[in-house]
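What follows is a single structure, and I will ask about it in a moment.
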Amino acid sequence: MKIKVINPNTTWAMTAKIEECARAVAGPGTFVDAVSPATGPASIESHYDEALSVPGILTEIAAGEMAGVDGYVIACFGDPGLDAARELATGPVVAIAEAAMHYASFLGRGFSVVTTLGRTRGRAADLVERYGMARHCLGVHSCEIPVLDLDQNPDSRKVILEACFDALDRDGSDAIVLGCAGMADLCRSLSDELGVPVVDGVAAATTMVQSLVTLGLSTSQRNEFARPIPKSYTGILAPYEL
């Protein structure tokens, strides 16, 4: 089984961390390959960043289809390009916010999301509604650490831990969802200190894709997610014509 994990930003140091976390949960016989697109933002922290990351994601999906990839993970908590990716891929495509929220809903009466910057909380809240998680998600919180500072700031883990404690206290929640792929490596140690389940979307999405492929399940092609209708594209979008 081949699973392609797409980090929609172009920061390869983060991609390497994501790949390590995904491979740690992959089963025997599952090959995980994590990539960053050749074009896109260095990090994704706005709607603008998300929009400009989508062409790179779709390029990687198209390349994966040529290479016989069985399933895909979109490793950004805004879940950019998910619907479009599902139209192109023959195998299942799962994004990390989607997977993490579903897994967390199994682990207690409610969960809290702890993400990076406050400006991304609205997008996370939108995804809570989209995925039918409003009953389970008790709050969305930020630690005010930019994505690219997660590895550079020596205090980042301490700040994230404090934000998680505060979220549990304020929300009365039973679990934490980490709201950034760049936090994936902190999952186990944070859970040990917090005393509650902490869900990393990279691991959750990887195991979910692996399970779907094992079950022979993929996105329905009957209606909305059928392959896009061929048409002409102009200008810089010409290479994306199907």
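Bear in mind that the values in this text are calculations on the coordinates, not laboratory data. Not measured: the values here are computed from a predicted model. Cβ: placed from backbone, ideal geometry, glycine included. Neighbour counts: every protein chain shown.
What longest range of the chain stays clear of loop-exposed trypsin sites (Lys or Arg not before Pro) (DSSP non-H/G/I/E/B, at most 14 other C-beta within 10 angstrom)?
The reported range is 1-108.
Let me make sure I get this right: for the stretch 1-123, a, b and c are the square roots of the gyration tensor eigenvalues over alpha carbons, sorted descending. Under 1.5 in a/c it's rounded, otherwise prolate if a/b > b/c, else oblate. Which is it?
Oblate shape, in that a/c is at least 1.5 and b/c is the bigger or equal ratio.
What distance in nm separates the two pseudo spin-label positions at T234 and A134, each 7 Å out from Cα along the beta-carbon direction?
So the label points at T234 and A134 sit 4.1 nm apart.
While we're here: What distance in nm separates the two pseudo spin-label positions at D166 and F31, each 7 Å out from Cα along the beta-carbon direction?
Between D166 and F31, the label points sit 4.5 nm apart.
If you don't mind, another one. Rounded to the nearest 20 Debye, what is the dipole magnitude of the stretch 79-147 about its Cα centre when Lys and Arg each give +1 and Asp and Glu each give -1 at the C-beta?
Value, rounded to 20: 220 debye.
Quick check for you: which residues of the stretch 46-76 have the amide N under 16 Å from the point 7 Å beyond the Cα of T39 toward its beta carbon?
The answer is 49-63, whose backbone nitrogens lie closer than 16 Å to the label point.
Please give the charge dipole size of the chain, origin at the Cα centre, charges +1 on K and R Cβ atoms and -1 on D and E Cβ atoms. Round to the nearest 20 debye.
About 560 debye.
With label points built 7 Å along Cα→Cβ from the Cα atoms of L215 and R23, find their separation and express it in nm.
2.8
Here is a further query. Where the only charges are on Cβ atoms (+1 Lys, Arg; -1 Asp, Glu), what is the dipole of the stretch 123-171 about its Cα centre, to the nearest 20 debye?
240
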